[in-house]
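One structure is given below, encoded as structure tokens.
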Amino acid sequence: MYNNIFKTGINLLTSVFIFLILSTNINAEDKPKKEIGFDEKLGETIPLNISFLDEYGKPVTLQELFTKPTILTLVYYKCPGICSPLLTGVASAIDRLDMGAGKDFNVVTISFDPKETYLTAAEKKTNYLETMNKHIPADSWRFLTGDSSNIAKITDAVGFRYIPQGQDFMHAAAIMAISKDGKIARYLYGTEFNPIDMKMSLIEASEGRTGPTIATLMKLCYSYDPEGKKYVMNITRIAGGGVVLMLGIFITVLIIKKKRNNPGTDRERNIN
């Protein structure tokens, strides 16, 4: 009798377990998948061998343009929504950035609308360069167009998802800092960008090469906040560095004072 009860209990538990698994799968399938936004792919590499048309109508590969840390933006030039504010935000950040476009970093903008041509890209480039207060080299900010195949390759590589809606698209706004080797270092969201955030993301993207001392100090003072999606001053790290510095100064002063108070000891050592 007890064996039958035990078997019945096991069968009941097994049935409940299977039901829960099936229910979970059904619920997971019922949940609508997020169709707009970014699936961050930090540390992954974008394909640099894909080709686009530049603002002059000439074929160019990303390998030719990513010669240094690069800010990548994905927009479409006739966007009635957030694309123009995003590019305006990039231009404004470059104006306030204490790094040189074309010297320390590049900017590459790619249209994800295959219907757009290089003529529209050229017009957009002229407009944004003219509105900037800082003069930057024309080849430091490139505006590209491409076919649907290569557009899909770059959007998939950075995890950018968007939905066609009539003649327009529903999409999110962000820029990406990418190393010259194509490695994705950071995503910055929105349409306005703090120069510190942009500078730190470019410093992270430049880690493949030796950076200047100021870049090392910046990395010590700032850290990325994944929740706030921005860089924040690392008070703990700064305070710790200050304590170490003060301790070093204190020990140095003590050593100097000791030598001044015992000048004869050094002379005796020299005589012996």
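FYI, it's all coordinate maths here, none of it is from the lab. Treat the numbers as computed from the prediction; the structure is a model and nothing was measured. A quick note on method: Cβ atoms are made from the backbone with ideal geometry, for glycine too, and the neighbour counts reach across all protein chains shown.
I need the calculated FRET efficiency for the pair THR117 and GLU64, taking r as the beta carbon distance and R₀ as 22 Å, to the nearest 0.05. The partial results should precede the final answer.
Details: r = 20 Å, r/R0 = 0.92.
Efficiency, from the Cβ-Cβ distance: 0.60.
What percent do you get for the relative contact order of the range 70-123 when only Cα pairs under 8 Å and 6+ apart count? Before the final figure, lay out each step's value.
Working: 40 pairs, mean separation 31.3, N = 54.
Taking the mean separation of contacting Cα pairs over the length of the range 70-123, I get 58 percent.
How do the peptides 130-137, 62-69 rank, highest first, by the average count of neighbouring beta carbon atoms within 10 Å per residue?
Taking the mean over residues of other Cβ atoms within 10 Å, the ranking is 62-69, 130-137.
Name the long-range amide H neighbours of ALA172: under 5 Å, sequence gap of 5 or more, or other chain; modelled H, no Pro or chain starts.
Amide H to amide H, under 5 Å and 5 or more residues apart or across chains, ALA172 pairs with GLY37.
Scan the range 140-209 for GluC sites (Glu not before Pro) in coil per DSSP, keeping those whose Cβ has at most 16 other Cβ atoms within 10 Å, and list them by number. Provide the component values of the computation, followed by the final result.
On the way: sites: GLU192, GLU204, GLU207; in loops: GLU192, GLU207.
Those that pass, being in a loop and sparsely packed, are GLU192, GLU207.
For GLU35 and MET132, FRET efficiency with R0 = 41 Å and r from the beta-carbon atoms, rounded to 0.05? Walk me through the numbers before you get to the answer.
Details: r = 34 Å, r/R0 = 0.83.
Calculated value: 0.75.
Got a sec? How would LYS115, LYS183 order by Cβ neighbour count within 10 Å, fewest to most? Could you put the intermediate results ahead of the total?
On the way: LYS115 11, LYS183 18.
In order of increasing Cβ crowding within 10 Å: LYS115, LYS183.
Could you sort out which of LYS125/LYS183; LYS115/LYS153; LYS58/LYS134; LYS124/LYS183; LYS41/LYS68; LYS58/LYS103 sit more than 18 Å apart by Cα distance in this structure?
On the way: LYS125/LYS183 25 Å; LYS115/LYS153 16 Å; LYS58/LYS134 27 Å; LYS124/LYS183 27 Å; LYS41/LYS68 20 Å; LYS58/LYS103 23 Å.
Table pairs above 18 Å Cα-Cα are LYS125/LYS183; LYS58/LYS134; LYS124/LYS183; LYS41/LYS68; LYS58/LYS103.
Mind pulling up the Rg/Rh value for the range 37-212? Radius of gyration and Kirkwood radius, both on Cα.
Result for the range 37-212 is an Rg/Rh of 0.92.
Work out from phi, with θ = phi - 60° and the Karplus expression 6.51 cos²θ - 1.76 cosθ + 1.60, the ³J(HN,Hα) of each residue of the range 42-58, listed in order in whole Hz, and give x for Gly and Pro.
Here the 3J(HN,Hα) series is 4, x, 7, 10, 7, x, 8, 8, 7, 10, 9, 9, 7, 5, 9, x, 9 Hz.
If you plug each phi of the range 67-75 into the Karplus form 6.51 cos²θ - 1.76 cosθ + 1.60 with θ = phi - 60°, what whole-Hz ³J(HN,Hα) values come out, in order, with x for Gly and Pro?
So the Karplus estimates, Gly and Pro as x, are 8, 7, x, 9, 8, 9, 10, 10, 9 Hz.
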